[in-house]
């Protein structure tokens, strides 16, 4: 799978950043990004950011992010932590080359049964949804 170029640019310039414009609407709910997840070389060596590393989060969530036990790799990639324990994810489950962006809900997800609500057709359109919290 290919990561969106705008997401790769975000990792290059602001790996693990807390955005100023961090709020977005998900239906009738206002959500807030705690921080974008960094991609670290050695997450275990970083006491502050290691817990937020993409690979660390993937390990923690494991089978709660996938809907098939025969899947090799991941087709849902967490990219930002939300207040309350949920995550913004790149969702490749529909097989498209470019992922949609969805919110993974930890309370409604279970092993091999992730609950994802689409919020944008692309990472670029997701970035355009971000605004200052009210």
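For this structure, a couple of remarks:
- Qualifying residue in region 39-49 (condition: surrounded by 17 or more Cβ atoms within 10 Å (Cβ to Cβ), within 18 Å of residue 130 (Cβ to Cβ) and in contact with a helix residue (DSSP H, G or I) (Cβ under 8 Å, 6 or more places away or on another chain)): no
- Annotation note: Cβ proximity below 6 Å between a residue of region 56-69 that is free of Cβ contacts under 8 Å to residues at least 60 places away in the same chain and a residue that is in a helix (DSSP H, G or I) (sequence gap 6+ or interchain) occurs for 56/43.
Quick grid of which residues meet (1) modelled with pLDDT under 95; (2) closer than 18 Å to residue 10 by Cα:
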position: 89; (1), (2): no, yes
position: 94; (1), (2): yes, no
position: 98; (1), (2): yes, yes
position: 109; (1), (2): yes, no
position: 120; (1), (2): no, yes
position: 123; (1), (2): no, yes
position: 126; (1), (2): no, yes
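- Flag if residue 82 is in contact with a strand residue (DSSP E or B) (Cβ under 8 Å, 6 or more places away or on another chain), surrounded by fewer than 20 Cβ atoms within 10 Å (Cβ to Cβ), in contact (Cβ under 8 Å) with a residue 40 or more places away in the chain and under 20 Å from residue 29 (Cα atoms): no
- Against the list (1) surrounded by 12 or more Cβ atoms within 10 Å (Cβ to Cβ); (2) touching a residue at least 40 places away in the same chain (Cβ under 8 Å); (3) more than 14 Å from the chain's Cα centre (by Cα), the condition residue 25 fails is (1).
- In summary, residue 61 fulfils each of the numbered conditions (1) part of a helix (DSSP H, G or I); (2) within 15 Å of the chain's Cα centre (by Cα); (3) over 22 Å from residue 119 (Cα atoms) with the single exception of condition (3).
Let's see how each residue does on (1) in contact with a helix residue (DSSP H, G or I) (Cβ under 7 Å, 6 or more places away or on another chain); (2) more than 25 Å from residue 133 (Cβ to Cβ); (3) surrounded by fewer than 18 Cβ atoms within 10 Å (Cβ to Cβ):
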| residue | (1), (2), (3) |
| --- | --- |
| 4 | yes, no, no |
| 9 | no, no, yes |
| 14 | no, no, yes |
| 21 | no, no, yes |
| 29 | no, no, yes |
| 55 | yes, yes, yes |
| 70 | no, yes, yes |
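- In this structure, residue 56 does not satisfy being at pLDDT 90 or above and over 14 Å from the mean Cα position of the chain (by Cα).
- One residue stands out in region 96-127 among those that are touching a residue at least 60 places away in the same chain (Cβ under 8 Å), surrounded by fewer than 17 Cβ atoms within 10 Å (Cβ to Cβ) and not in a loop (DSSP other than H, G, I, E, B): the one that is nearest to the chain's Cα centre (by Cα), namely 117.
- Those residues of region 19-52 which are closer than 15 Å to residue 89 by Cβ and not in a strand (DSSP E or B), in sequence order: 37, 39, 52
- Hits in region 64-91 (condition: part of a loop (DSSP other than H, G, I, E, B), within 13 Å of residue 114 (Cα to Cα) and within 14 Å of the chain's Cα centre (by Cα)): 65, 66, 74, 75, 86
The values are calculated or read from the model by the stated rules, or taken from the named source; none is laboratory data. The model shown is predicted, which means the values in this text are computed figures rather than measured ones. Here Cβ is always computed from backbone atoms with ideal geometry, including for glycine, and neighbour counts include all displayed protein chains.
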